[in-house]
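Taking it in order: structure first as structure tokens, then the write-up.
All of the numbers you see were taken from the coordinates with simple rules; none came from a lab. The structure displayed is predicted, hence computed values, not measured ones. Here Cβ is always computed from backbone atoms with ideal geometry, including for glycine, and neighbour counts include all displayed protein chains.
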Amino acid sequence: RAAFERALAIDSQAFGPDHPDVAICVNNLGAVLHDLGDLPAARAVFERALAIDERTFGPDHPEVATDVNNLGSVLQAQGDLPGARAAFERALAIDERTFGPDHPTVATDVNNLGSVLQDLGDLPAARAAFERALAIDERIFGLDHPKVAIDVGNLGRVLKAQGDLAGASAAFKRALDIFEQRLPPEHPYIKTARRLLESVR
């Protein structure tokens, strides 16, 4: 936080308060405020970054989509699920127009949307979103990339919520196998995948 606040102060002085480089610093600060659990402050700084980038680039720029995704993550954490869904849908629409429907950035947006759909209780739509993200990332990165494992884990959570324990177990096992092959043995993703697999045994 101290590092990001220092960078923000330097860039604000050098470029002025409404420069896109300032928006980058503000986004970085917002991320750490989110991690610290200060959701109101994180929301305020993400809203500031969004306002800067909308003025600089217009409402349909991928930088704006990044800001909207960040804001959506805070809204989801605050329990504003309809607001988070609207934010993620806006980011997805921008990135689909910018990059096309099969870009890894789009897969990230679809994962975000799937997460809030699951929180809203719309399990079929969440499952469809996670399956779409998985298909994109498998085409881009191959079958054994950590991003694919994240997608598979997300899908497994929905399958578990739908009562498909066999499908969830297979998904969690696949995610764990990929993580164990591609990440250091003490990586937290491995521990999470093991815990999820144990939860359906």
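With N as its number of residues, the range 43-85 has a Cα radius of gyration that, divided by 2.2 N^0.38 Å, comes to 1.11. Of the options (1) 56, 37, 36; (2) 56, 35, 32; (3) 47, 41, 30, only one is Cα extents along the principal axes in Å as computed from these coordinates, and that is (2).
For the range 125-137, backbone phi angles converted through the Karplus equation (6.51, -1.76, 1.60; θ = phi - 60°) give residue-by-residue couplings of 5, 4, 4, 4, 5, 5, 5, 5, 4, 4, 4, 4, 5 Hz, Gly and Pro being listed as x. Sorted on the mean count of surrounding Cβ atoms within 10 Å across their residues, most packed first, peptides 73-81, 104-112, 148-156 read 148-156, 104-112, 73-81.
Phi angles across the range 38-50 convert, under the Karplus curve 6.51 cos²θ - 1.76 cosθ + 1.60 with θ = phi - 60°, into 3J(HN,Hα) values of 8, 5, x, 5, 4, 4, 4, 6, 5, 5, 5, 4, 4 Hz, Gly and Pro given as x. Amide H to amide H distances under 5 Å link Asp80 with no residue, where only residues 5 or more positions off or on other chains count and H is placed in the peptide plane.
Based on C-alpha pairs under 8 angstrom that are at least 6 apart in sequence, the range 13-56 has a relative contact order of 44 percent. Sequence-distant contacts, meaning Cα pairs under 8 Å at least 6 residues apart, place the relative contact order of the chain at 11 percent.
The Ala14 and Arg55 beta-carbon pair, evaluated with R₀ = 22 Å, returns a calculated FRET efficiency of approximately 0.75. Phi-derived couplings, Karplus 6.51 cos²θ - 1.76 cosθ + 1.60 at θ = phi - 60°, listed residue by residue for the range 103-117: 9, x, 5, 5, 4, 4, 4, 5, 4, 4, 5, x, 4, 6, 4 Hz, with x used for Gly and Pro. With contributions of -39500 (n - 2.57) from each DSSP H run of at least four residues, the per-residue ellipticity at 222 nm computed over the chain stands at -27500 deg cm²/dmol.
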